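Structure record follows, encoded as C-alpha cells.
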Ligand code: C2E
Ligand code: CA
Ligand code: CA
Ligand code: CA
C-alpha cells in the first residue's frame, strides 16, 4: 500500500538512521562498560519510622559513562533490556549487592538487608541465574533472607501462573520479596495476598500529596492496615517532607525512604550514616 511504502521509506530517513546508530553505540558502550567496571551502585537508606535506625538499603544502579557522565537507570536500562545485556548487568548487581550486604552485616548490623530491583524483562530471562547466585551466597556465608528482590506488579502481565510459581520458588529458597511501586499500574489489593511477599512499597505518587489530599491519606492508611493483616511490612517511597514522615508514622507505616532522610549515596558514606543512626538509638 501507499502507506506501507512510505513507512518503509521513512525507515531510512537521517533521524531514524541516527537513532539506530545511537542504539548500536549504546549496546557496544554497555558491553565495554561491564568489563571496564563503569557500573556503580548507590545505596539509599530504608529508615525504620519508629526508631529512625537504618538496617536496610536499596541498591540503585548508576553508569559512569566515559563521555556522557553519570547516567541513571532510566537512561540505559531500557536499552539493556532490548539488547539482552540486562541479564549480565543484573548478575553483576546481584553479586555486588550480596558482597556489600555481607560486609555490612559485620560493620553495621548482623541482620542487615540489601534490596535489588528486578525488571519484568529480567524476571523473564534470568531463570537460570539463580543456582549461581545461591552458590555465591553460600560461598559468602550470607543468609539468603539478607537479600530482598524488588519486583513490580506488572510482572503479573507475563502470565500469572508461571510468575507465581517462580516467586514461590524464590521464597522457598529463602530470598525475601518486595512488591515495588505499589498502587500504580495494574494494581490490586488482591495482589498482596496472591503474591508470596514480605514487603509492600507504597509508590511515591501516593506519598507526595499526603499532606493535602485526604484521599491519598485514606489510601495509604488502607494499604498499611491491609498489609499488616496479611503479615507484611510496609515501606513508603519518596518521602520528602517532615509532614509526610509524621503522617506515615501515625498511620503505622513500618519503613520509609526518601530525600527527607537521605539521597542514594556511595557505600562508604552509607556505612557511616547507618552506624550513626544505630548509635543514636543506643544499639
Ligand atoms: P525505584 O525502584 O522505584 O527506585 C526509587 C527511585 O526514586 C530511585 O531513582 C531513587 O533515587 C528515587 N528516589 C528516592 N527517594 C526519592 C524522593 O524522596 N523523591 C524523589 N523524587 N525520588 C526519590 P533511580 O535511582 O533513578 O532509579 C529509578 C528506577 O530504576 C528504580 O525505581 C528502579 O525501577 C530502576 N532501577 C534502579 N536500579 C536498578 C537495577 O539495578 N536493576 C533494575 N532492573 N532496575 C533498576
Ligand atoms: Ca525499587
Ligand atoms: Ca519504587
Ligand atoms: Ca518507581
- To the nearest 500 deg cm²/dmol, what mean residue ellipticity at 222 nm is calculated for the chain from DSSP H runs of n ≥ 4 alone, each contributing -39,500 (n - 2.57), summed and divided by the residues? -15000 deg cm²/dmol
- Query: Once both axes come from the Cα atoms, what is the angle between helix 86-107 and the longest principal axis of the chain, in degrees from 0 to 90, rounded to 10?
  - Reply: 20
- Message: How would 199, 259 line up from fewest to most surrounding beta-carbon atoms within 10 angstrom?
- Response: 259, 199
- May I ask you to derive the relative contact order of segment 135-210, considering only C-alpha pairs under 8 Å and at least 6 residues apart, and to give it as an integer percent? 32
- Using only Cα atoms, find the angle between the long axis of helix 14-35 and the longest principal axis of the chain, and express it within 0 to 90 degrees, rounded to the nearest 10. 50
- Item | Relative contact order computed over the chain (Cα-Cα under 8 Å; 6+ residues apart), in percent | 19
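Kindly identify the chain as rounded, prolate or oblate by the Cα gyration tensor criterion: order the square roots of the eigenvalues as a ≥ b ≥ c, call it rounded if a/c is under 1.5, otherwise compare a/b with b/c, prolate if a/b is larger, else oblate.
Values: a/c = 1.62, a/b = 1.38, b/c = 1.18.
Since a/c reaches 1.5 and a/b is larger than b/c, the shape of the chain is classed as prolate.
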- Note on the structure: Fewest to most Cβ atoms within 10 Å: 182, 134 sort as 134, 182
- Starting from the Cα of residue 275, step 7 Å along the direction of its Cβ; do the same at residue 263; then give the gap between the two resulting points in nm. 2.4
- Task: Pairs of Cα atoms under 8 Å, at least six residues apart: use those to get the relative contact order of segment 28-163, whole percent.
- Result: 21
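So if R0 is 51 Å, what FRET efficiency would residue 225 and residue 83 give, r being the distance between their Cβ atoms, rounded to the nearest 0.05?
0.75
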- Message: Taking 0.36 nm per residue of sequence separation and subtracting the Cα-Cα distance, how much length would be gained by fully extending the chain between residue 125 and residue 160, in nm to one decimal?
- Response: 11.0 nm
- Query: Between residue 22 and residue 70, what is the FRET efficiency for a Förster distance of 25 Å, r being their Cβ-Cβ separation, to the nearest 0.05?
  - Reply: 0.85
- Message: Could you check the spin-label model distance between residue 188 and residue 50? Points 7 Å from the Cα along Cα→Cβ, value in nm.
- Response: 3.3
- Task: Rank the residues 111, 208, 277 as a footprinting-exposure proxy: fewest other Cβ atoms within 10 Å of their Cβ go first.
- Result: 111, 208, 277
- Which distance in nm do the two modelled labels at residue 95 and residue 139 give, with both placed 7 Å along the Cα-to-Cβ direction? 0.6
- Query: By how many degrees, between 0 and 90 and to the nearest 10, does the Cα long axis of helix 267-280 differ from the longest principal axis of the chain?
  - Reply: 20
- Query: Cα centroids of segment 108-156 and segment 172-206: how far apart, whole angstrom?
  - Reply: 15
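Values in this text are rule-based calculations from the coordinates and carry no lab data. Keep in mind it's a predicted model, so treat the numbers as computed, not measured. Please note: Cβ atoms are built from the backbone with ideal geometry, for glycine as well, and neighbour counts cover all protein chains shown.
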